[in-house]
Amino acid sequence: MAETLQLDEFSYSVWETLAKHEEIGLNELAAALKSDQSRVLVSIQEAANQKFATICEESFDELIPSSEAVSLVNEGLPERKALTLLLESNGELGTGDFAKAANQSGIAVNDVFRWGTARGWIERDKQGVRITDSGRKAGEGEKDVDEVAILEAAGQPTSLENAPEAARIKQLLGKRNELAKIKSRNRRTVSLTAEGRKLLESGKISVKKERNLLSAEDIRSGAWKEITLRPYDVTLSAETVRPAKVHPLRKIIEQTRRAYLEMGFTEVVSPMVESSFWNFDALFQPQDHPARDMQDTFYMANPATTDLPDDAELVDRVRHAHEDGGDTGSEGWGYRWSPERAKQVVLRTHTTASTIRALARHPEPPLKTFCVGWVCRNETMSYKHLPVFHQVDGIVIDKNASLATLLGTLETFYMKMGFQQVKFKPAFYPYTEPSVDVVVYLESRGKWIEMGGSGIFRPEVTEPLGCKHPVMAWGLGMERLAMIRYGLSDIRELYQGRIEALEEMALHQ
Amino acid sequence: MRTLFQKRLKPGVDGVPVINVEGEWLNKLLGKEYAVEELADTLEQIGCDVEDIVTVERFRCPVCGNAVEGSLGADVTRRCNWCEHEQEQPFERIGESQVIRLDLLAARPDLFDVGGIARALKGYFEEVVGLPKYDVGTSDLELVVDPSVDGEDCQRPFIRCAIVEMEQIDDATLVALMKLQEALHWGVGRDRKLASIGVYDLDQISGPLQYTTIDPDSERFEPLGRPGEQMTGREILEKHPKGTAYAKLLEDHRRFPVLKDSKGVVLSMPPIINSESTKVSQNSRRLFIDVTGISESAVVKSLDTFVSSLLEMGGTAKSVSVKPLSGETFDSPDLSPREVEIDLESANRWLGLPLDQDSLKASLNRMRLDVTPVDGSDSRFTVRYPALRTDFKHMVDVFEDLAIGYGYKNIVPSYAGQATTGQSRPEDDQSDMFRSVMLGLGYGEIMSLPMTTEELHFEKFKLPVPDSYPKIANPKLKAMTVVRTHLMTGVMEHLRENRRAPLPLRFFELDNVTVLDSQAETGAREERHLAIVEMGKDASYASIRSVIDSLMFEIGATATFESITHPSFIPGRVAAFETDSEVRGVLGELHPEVILNFGLDHPVALAELTVSKIDV
């Protein structure tokens, strides 16, 4: 046994209070110390480890009456009311008659059968319902044990330790929530051992000052040397705080921009309000193509129309590409191209409208350029569909551009986007030939996902704009990538602005 | 088909039809036992959009007796898509099969059905390579076109037709025929407007036939699905389900187009419906097929594709002699191959492949194309392709087939290209700085959609609706009539969405707004804006001013402030500021009426900055 003992201030006060009692419930002790049970228990546990204290645990059942319990019992439980019915009919009724009579008196028949039988007050068989001997006694006013317990508890949680026939009470009330709940409780009783008392009385316990946090004064004055800082349970988590953070979609857009910039691409922009000429005609999209229907594309009422590009020759080459292929070696679409339709103003349906403008400004290699921005489809909104979203689009004019270099460029790009495995499959897009779909392996889901489209621009697109070289082009939708990355089930979460939803999208994804 | 490079989130949206291709049937046509998975994988390699492999059930319609495919996930069927019959009692189930579900490729009608797909797979598996041979025999059937189909009262001038004889027509064939017909109506016919297809039992018809018009109110016939009921054209448009569905295609016609036989029996009233008396059943062996429309190329394409697929399914074709409105009588269908010339060197350059004559030939043969050198040349080749490959417009279209025939899997990616320097946009670099300051001040970034309404954009802010602003003409959603000119709507809507969250709320949004500008090329240009909002008991002019001051410090600008009046803010608590750069803005305490208009009841301080003009 230790000759001396060092305790912090709080533990010492625990010892002192304990010494005043033969034994004491932990809850009472904590109340006396104006502390919480767990903190008190730490001190006692420490003492108990050195045999200075004992902790005695016992479990007991507690009756927690419902707020209506007393009035329900006083009014008479359904099975008790049923006794009266039965007694009035010489103690026996056919089941049907009984149910009818019970219904008329507003007595719940099911309760009567369940609890009346459980109490042994009634018997039920094919002949009907019968009162038993104990039922008769009860009918004379003798209360059952649970009724007594409820009345005695008077609405307060009460231990069943000393209650007569506790087992029967538990059986009768255990599943009858309208009356009460029975909960199993633990009680800890604590006391000092003889050694503990002796040590305390001997005055051999020294007390060390204890703090939760040091003050500046403690540090300056050197008092910290005498102060015990209570060790923390460093495995517990602290309060949750959420940072102000970049929008999760913005983060993906920035990652995408960075991938292009690292690959030596120049960023370009153009307004969302765009002419049909650059959005459709310059991309060899026929003027009767369904995508140009009012159904699918937002047309502007203001500004409704715009001029065609100043370069009349360029416009003429585009017209010829549509009508008969012009000098591009193509058959064209074989219809009469309307300048008026090309002048209509739309909300751009793809950012290719922007990169194709860059191509027309700079048709000579090398050109590597990209655009990220809003694109619009005249559609309704749903969990998987937005009428306006972000798209990124990149193009490369290079003397050596080919399908093989397109695949190599896509591989590099998608690896920079964080996908370790990339596959390609043929696809059909209106302005590229050949066209390629990129399929990436998504580590987190363990599956392959189609990510974006790409291809080599058709000569009918590039040649009228003055570009004689193959042009690689590819794009992808940002919101779709965000949905996949953040595991969203509803795309609108990105824009509806529930702060919790945004907070839950961890940026690492 | 909607646009370049936008993958759909879920297949089946965008109105793209899905077709079911039965694995067992494909194997029968291929004459081999491939696993369904292998078939699906190979279809992907030729460019098909395979969705999944599923089991579908077939049911029998008690009225017309045709087999109906159950919809995915449904246990029973109560509606016939042949005759439109509908009943309470589920139809009798007649079997099931494993199918590959494919999204239709609008660009490739030749891959719309099991016949066309079998043709492509035979080549890709190298079972049958080179140009498919389609022999067309002759018949004595004639069709005369009446001038009334190309007049003021009726405009549907083009017609092509064919006879196909089948050894047997079972349920599966009938379903496939109908699906192909639907697919072509969608992919080529523009929902029956440009072209629509009719199929008939030739044994119920006696030639010669006439493509003519009828009076919509006097002549009657028995439309499909209404046995025993004689209806006029107009009655069909008003009462028959198919009629109401397509009435708009004939609504401005004073006479309706019909096909009649020599006895005056109406075969059909295109593009609406066929007649009951000439309908195809499981007993039919000889089919008459017609395509009518307003686009000659769509009519030809539809017929060629339809007939070729029937021939792949084991049919034999015979021609019909058509006497058109003008010009000489011709035989239809004309399935003779077309030609295009390509250059090997161009192909290798375009694709980055090391192809020689042999590998060029092998790759194209695999795609069911024939290749012959041009007069002893070792670099120029004539490629012969079937009539139905109407996607061939340019040499590069052949290059794509060449790449697919070679196999995308076999192409070695290379990363070539001249070194270039990356360059970001100045406004984005500037926004990075604004963003890091705002985040440092504890404001979270939000994003909102750039379209809104007059009410949310102007009226709720007590702003008059301007005479001129970026206005959308045809929005499908009522919530999208204005392209935003400021960012206040988005931040206020975010406050409303989060009105039950603990206060204070602090957000910012950095994005472009649209400004009408007659000097701009399209009449509109964009500006980068920054909106900052705080809601809570301490939100005040002073709190938002602190934010602006710290932003100005970090960007190195000196701002001068002046008191202004602004309907959205409390008088005397709103300021405008300017700097020596493009940065300027408005800040203040939001007017209580505006706060209430957005369903809020706490003080709001708000600032909106123009941070840069965007030069294109």
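Bear in mind that the values in this text are calculations on the coordinates, not laboratory data. In this text the structure is predicted, and so the values were computed from the model without any measurement. Using ideal geometry, Cβ is built from the backbone for each residue, glycine included, and neighbour counts are taken over all protein chains shown.
What percentages, rounded to whole numbers, describe P(r) for region A:248-504 computed over all alpha carbon pairs with 10 Å bin width beginning at zero? Once binned at 10 Å, the Cα pair distances of region A:248-504 give 7, 29, 36, 21, 6, 1.
Placing R0 at 30 angstrom, the Cβ-Cβ distance between A:Glu88 and A:Glu68 gives a FRET efficiency of 0.65 after rounding to 0.05. Placing R0 at 60 angstrom, the Cβ-Cβ distance between A:Asp233 and B:Ser336 gives a FRET efficiency of 0.10 after rounding to 0.05. Taken residue by residue and averaged, Cβ atoms of other chains lying within 10 Å of the Cβ of A:265-277 number 6.
Calculate the length of the line joining the C-alpha centroid of region A:16-77 to that of region B:376-420, in whole Å. That distance is 85 Å. Only Lys, Arg, Asp and Glu carry charge here, each on its Cβ (+1 for the first two, -1 for the last two); on that basis the protein assembly as shown has a dipole of about 2080 debye about its Cα centre.
Highest mean first, the peptides A:22-28, A:163-169, A:232-238 sorted by other C-beta atoms within 10 Å per residue fall in the order A:163-169, A:22-28, A:232-238. Computed from the C-beta positions of B:Ser71 and B:Asp549, the FRET efficiency with R₀ = 45 Å rounds to 0.10. Relative to the longest principal axis of the Cα atoms of chain A, the long axis of helix A:312-323 makes an angle of roughly 80 degrees. Take the Cα of B:Thr565, go 7 Å toward its beta carbon, and the backbone nitrogen atoms of region B:577-616 under 20 Å from that spot belong to B:577, B:586-595. Taken about its Cα centre, region A:1-100 carries a charge dipole of about 160 debye when Lys and Arg each add +1 at the Cβ and Asp and Glu each add -1 at the Cβ.
Annotation note: trypsin sites (Lys or Arg not before Pro) in region A:1-101 located in DSSP loop regions with a Cβ neighbour count of at most 14 within 10 Å are A:Lys20, A:Lys34, A:Lys51. Once you reduce region A:190-242 and region B:55-71 to the center of their Cα atoms, the two points are 81 Å from each other.
Pairwise Cα separations in the protein assembly as shown fall into 10 Å bins from 0 onward with the following percentages, short to long: 2, 8, 13, 14, 13, 12, 11, 10, 8, 5, 2, 1, 0. Just check region B:339-408 against the gyration tensor rule for me: Cα atoms, a ≥ b ≥ c as the square roots of the eigenvalues, rounded for a/c under 1.5, and otherwise prolate or oblate depending on whether a/b exceeds b/c. Taking the square roots of the gyration eigenvalues as a ≥ b ≥ c, region B:339-408 is rounded. For the Cα trace of chain B, dividing Rg by the Kirkwood Rh returns an Rg/Rh value of 1.11. Sorted on the mean count of surrounding Cβ atoms within 10 Å across their residues, most packed first, peptides A:254-261, B:103-110 read B:103-110, A:254-261. Extents of region B:524-616, largest first, come to 40, 31, 21 Å (Cα atoms, principal axes, whole angstrom). Which shape class applies to region A:181-230: rounded if a/c is under 1.5, otherwise prolate when a/b exceeds b/c and oblate if not, where a ≥ b ≥ c are the square roots of the Cα gyration tensor eigenvalues? Because a/c hits 1.5 or more and a/b fails to exceed b/c, region A:181-230 counts as oblate.
Taken about its Cα centre, chain A carries a charge dipole of roughly 640 debye when the Cβ of each Lys and Arg holds +1 and the Cβ of each Asp and Glu holds -1. Farthest towards the positive end of the charge dipole of region A:221-287, among the residues A:Ser275, A:Leu236, A:Ser221, is the Cα of A:Ser221, using unit charges on the Cβ of Lys, Arg, Asp and Glu.
Footprinting exposure proxy ranking of A:Leu86, B:Leu505, fewest other C-beta atoms within 10 angstrom first, gives B:Leu505, A:Leu86. For region A:379-509, the Kirkwood hydrodynamic radius from C-alpha pairs, put into Stokes-Einstein at 4 °C and a viscosity of 1.567 mPa s, yields a diffusion coefficient of 79 µm² per second. The C-alpha atoms of chain A define a longest principal axis, and helix A:95-104 lies at about 80 degrees to it.
Per-residue mean of foreign Cβ neighbours for A:391-400 is 3 (Cβ atoms of other chains, 10 Å radius).
Put simply, when A:214-224, A:326-336 are sorted by average Cβ atoms within 10 angstrom per residue, most first, you get A:326-336, A:214-224.
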